[in-house]
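Some notes on the structure that comes next.
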Amino acid sequence: MNSTCTMAPLNLYDCTRDQLRHRLGQWGVKPVHVASLWNYLYVQQVSSVDEMRDLPAKLQAHLRAEATVGVLPPVMTTDSTDGFTRKFLLGLTDGRRVETVKMRFTGRVTACVSSQVGCAMGCVFCATGQMGFARHLTAGEIVAQVVHVARAVMLAAPAGARAEARRVRNVVLMGMGEPLHNYDAVMHAIDILRDNAGLALGADRITLSTVGVVPGILRLAAEGRALRLAVSLHAATQAERAALVPVARKWPLDELMAACRTYSEATGRRIFYEWALIAGENDTPAHARAVGALLGGMNAHVNLIPLNPTAGYGGASTPLAAARAFQHILSGEFHLPSTLRQRRGIDIGAGCGQLAVSSPG
Ligand code: SAH
Ligand code: SF4
């Protein structure tokens, strides 16, 4: 059992349905009432115990005295000019803050959530890395971000909108932080997000992006976790990668690729490799061929992300024509599928690697 579901006061977002059922039993409340409690939390998405009017009086009394709904209040909300992206700065109970992004692609909503305040991995081109590490998020704080986006979607949906347009379809752990550095809380949050009676996210609708924490990838493989795995590669040689991603010194490229192979063999799943295209650094035809040679024959898909600007890094984004040429080499010479990500939310600092907050303490 995850320890955060035993803390006082109890953050209801920290608990799986089974854990809550168990708690109801301890309170002498019929476990069957967990269904209504879960419905209030994840279907109606109420933000306080006071709104849970139809629960038995005994359960309400225990919830009022011992529990909270761990809603994270928005400190700031910013919309991108193209109307597809909205960024939320959410307040945590210790005064720190995290950023969460709501994105809409072809009518479907994706929540991009943070797993930590800051990040300890120090990738040179990433604003979160540039701010350093403050702390891990709890499972409840990760779940609360998705509920925040879900509530925003529900409120914004026009009356009569299709059910699909009224819910969060995808979750990507690509906000602030390194999810495999906060493994237990992230997996516990995923268990809660996947619950069929709640937010009901499908396994292939949750993407976890890692900088390449080798022990975490091997643990995912051993546990057979149902999710989509993305690995931030950015370079195809150890020396080039270590210059961009300092933790490559701890988990070298050959060990990372071995772990990726183990993961694919154990799970049968394809891995998505992220590549931030930086002009002159990792975007030449020679670089494309090096990626092709590294990933050719593997169950791989490459996500090309033109570099987003951050205050602490001087690199420039690859021009579109060069990005297309890079992609062409991957497909033409190596039969390696890839996607060139559209740049969205750059004007509000909501693009990949742009999330950063100044946090007190
Ligand atoms: N820590 C995880 C997930 C968060 S970052 C990881 O690193 O994978 C999400 C993605 O954004 C990663 O692929 C990361 O390398 C990429 N990224 C970071 N900074 C970026 C930037 N300035 N421009 C484009 N992509 C960036
Ligand atoms: Fe951390 Fe990912 Fe940013 Fe690297 S890219 S500093 S791992 S959040």
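At-a-glance table
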| item | result |
| --- | --- |
| Filtered residues of the range 147-163 (kept if out of contact with any strand residue (DSSP E or B) (no Cβ under 7 Å at 6 or more places or on another chain) and surrounded by fewer than 24 Cβ atoms within 10 Å (Cβ to Cβ)) | R151, M154, L155, A156, A157, P158, A159, G160, A161, R162, A163 |
| Check on A221, farther than 19 Å from T128 by Cα, within 15 Å of ligand 1 (Cβ to nearest atom), part of a helix (DSSP H, G or I) and not acidic (D, E) | no |
| From the options V153, V149, residue that is more than 16 Å from ligand 1 (Cβ to nearest atom), within 15 Å of the chain's Cα centre (by Cα) and not charged (D, E, K, R) | V149 |
| Leading residue by the ranking (nearest to ligand 2 (Cβ to nearest atom)) among those in the range 184-215 that are free of Cβ contacts under 8 Å to residues at least 60 places away in the same chain, crowded, with 18+ Cβ neighbours inside 10 Å and part of a helix (DSSP H, G or I) | V214 |
| The range 91-127, subset within 11 Å of ligand 2 (Cβ to nearest atom) and over 14 Å from the mean Cα position of the chain (by Cα), residue surrounded by the most Cβ atoms within 10 Å (Cβ to Cβ) | C126 |
| Positions within the range 326-351 being modelled with pLDDT of 95 or more, farther than 16 Å from A276 by Cβ and either surrounded by fewer than 16 Cβ atoms within 10 Å (Cβ to Cβ) or of a type in the set (V, I, T) (or both), in sequence order | H328, I329, S331, G332, E333, H335, P337 |
| Residue within the range 142-158 that is closer than 19 Å to R225 by Cα and away from ligand 2 (no atom under 16 Å from the Cβ) present | yes |
| Near pairs, Cβ below 9 angstrom, 6+ apart or cross-chain, from the range 110-132 (under 19 Å from P306 (Cα atoms)) to any residue that is among the hydroxyl-bearing types (S, T, Y) and near ligand 2 (Cβ under 8 Å from one of its atoms) | C123/S232 |
| Top-ranked residue in the range 226-239 [being more than 14 Å from ligand 1 (Cβ to nearest atom) and in contact (Cβ under 8 Å) with a residue 40 or more places away in the chain; ranked as surrounded by the most Cβ atoms within 10 Å (Cβ to Cβ)] | A236 |
| Leading residue by the ranking (nearest to the chain's Cα centre (by Cα)) among those in the range 12-33 that are within 17 Å of L193 (Cβ to Cβ) and not aromatic (F, W, Y) | D14 |
| Enumeration of residues in the range 248-257 that are part of a helix (DSSP H, G or I) and either touching a residue at least 12 places away in the same chain (Cβ under 8 Å) or closer than 20 Å to A226 by Cα (or both) | A248, L253, D254, E255, L256, M257 |
| Members of the range 128-145 that are surrounded by 24 or more Cβ atoms within 10 Å (Cβ to Cβ) and part of a helix (DSSP H, G or I) | T128, G129, A139, G140, E141, I142, V143, A144, Q145 |
| Unmet requirement for V75, which otherwise passes all of (1) part of a strand (DSSP E or B); (2) surrounded by 19 or more Cβ atoms within 10 Å (Cβ to Cβ) | (2) |
| Of all residues making up the range 262-317, the number that are of a type in the set (A, V, I, L, M, F, W, C), in contact with a helix residue (DSSP H, G or I) (Cβ under 8 Å, 6 or more places away or on another chain) and away from ligand 1 (no atom under 16 Å from the Cβ) | 5 |
| Boolean, L37 is buried (at least 20 other Cβ atoms within 10 Å of the Cβ), free of Cβ contacts under 8 Å to residues at least 40 places away in the same chain, in contact with a helix residue (DSSP H, G or I) (Cβ under 8 Å, 6 or more places away or on another chain) and not hydroxyl-bearing (S, T, Y) | yes |
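The rows are residues; the columns are (1) surrounded by fewer than 13 Cβ atoms within 10 Å (Cβ to Cβ); (2) at pLDDT below 95.
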| residue | (1), (2) |
| --- | --- |
| T4 | no, yes |
| Y42 | no, no |
| A57 | yes, no |
| V71 | no, no |
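The values are calculated or read from the model by the stated rules, or taken from the named source; none is laboratory data. Fair warning: this is a prediction, and the values are worked out from it, not measured in the lab. Glycine also receives a Cβ, built like all others from the backbone with ideal geometry; neighbour counts cover every protein chain displayed.
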